[in-house]
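Undergrad: Below is a structure I'd like to ask you about.
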Amino acid sequence: MDIKANYPDLNAFLKAAGIGITLCGISENSFELTYNPGALLPNITLKLHKRGFVSNYVPFKYEVQGMSSFMFSLANFFSALPEGVEVNKDNHKLAIIPSKLKVFKNFNGKCHFKYFDIHYDRIEIGIGVDS
């Protein structure tokens with residue numbers, strides 16, 4: 001399955017699904033993710049820069065500042081990040097692991113990325129299922 005979505009359409013989908021995330025393109029291979037945790041807590045904003053590609057994970061270097069840094073540390077400490085997202089705060093790296101993402105649970109860990117391309121105006125993701 002191939003997914004190509006521009007940021008406004010992707011944000012409208014995330015909003016309709018009740019997911020408090022907004023995405024904004026920065027440049028090729030970089031985007032900004034803002035998460036609204038609700039309950040009068042401040043937003044968490046991360047700048048994510050893709051660092052390579054492997055079918056079973058996509059590594060990113062992340063930048064986080066100010067209150068977002070504190071909130072992101074708390075979320076990581078309390079394991080409040082989504083399944084399939086792993087963080088190494090010592091070197092500011094984050095990885096998305098498709099086989100562990102909740103959205104793909106019904107595929108019993110057989111999902112992988114064929115590609116994961118980030119552009120200024122859109123994200124393109126290819127998803128495959130192993131037999």
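No lab work stands behind these numbers, since they all come straight from the coordinates. In this text the structure is predicted, and so the values were computed from the model without any measurement. Glycine also receives a Cβ, built like all others from the backbone with ideal geometry; neighbour counts cover every protein chain displayed.
Undergrad: If I fit a long axis through the Cα atoms of helix 66-77 and take the longest principal axis of the Cα atoms of the chain, what angle between them do I get, 0 to 90°, rounded to 10?
TA: That helix lies at roughly 60 degrees to the long axis.
Undergrad: Compute the angle between helix 7-16 and the longest alpha-carbon principal axis of the chain, please, reported from 0 to 90 degrees and rounded to the nearest 10.
TA: Long axis of 7-16 versus the principal axis of the chain: about 80 degrees.
Undergrad: By the gyration tensor of its Cα atoms, with a ≥ b ≥ c the square roots of the eigenvalues, what is the shape of segment 6-81: rounded for a/c under 1.5, prolate for a/b over b/c, or oblate?
TA: It comes out oblate by the Cα gyration axes.
Undergrad: Hey, another quick one. About its Cα centre, how strong a charge dipole does the chain have in debye, to the nearest 20, once Lys and Arg get +1 and Asp and Glu get -1 at the Cβ? Write down the numbers at each step before the final one.
TA: Working: 14 positive and 12 negative charges, 50 e Å.
For this selection, approximately 240 debye.
Undergrad: Give me the one-decimal nm value for the distance between modelled label points at Ala16 and Leu40, 7 Å along each residue's Cα-to-Cβ direction.
TA: Calculated label separation equals 3.3 nm.
Undergrad: A follow-up question, please. Any chance you could tell me what percent of the C-alpha pair distances in the chain go past 20 Å?
TA: 46 percent
Undergrad: Taking +1 at the Cβ of each Lys and Arg and -1 at the Cβ of each Asp and Glu, which of Asn106, Ser69, Ile96 sits farthest along the dipole of the chain towards its positive end, judged by Cα position relative to the Cα centre?
TA: Among Asn106, Ser69, Ile96, the one farthest towards the positive end of the dipole of the chain is Asn106.
Undergrad: Which listed residue (Val58, Ala5, Ile123) has the Cα farthest towards the positive end of the charge dipole for the chain, taking +1 on Lys and Arg C-beta and -1 on Asp and Glu C-beta about the Cα centre?
TA: Val58
Undergrad: Which value in deg cm²/dmol, rounded to the nearest 500, describes the helix-derived mean residue ellipticity at 222 nm for the chain, given -39,500 (n - 2.57) per DSSP H run of n ≥ 4 and division by the residue count?
TA: Result for the chain: -5000 deg cm²/dmol, rounded to the nearest 500.
Undergrad: Which entries in the list Lys4/Lys47; Lys50/Lys89; Lys4/Lys110; Lys50/Lys93 go over 19 Å, if you measure between the two C-alpha atoms of each?
TA: Lys4/Lys47; Lys4/Lys110
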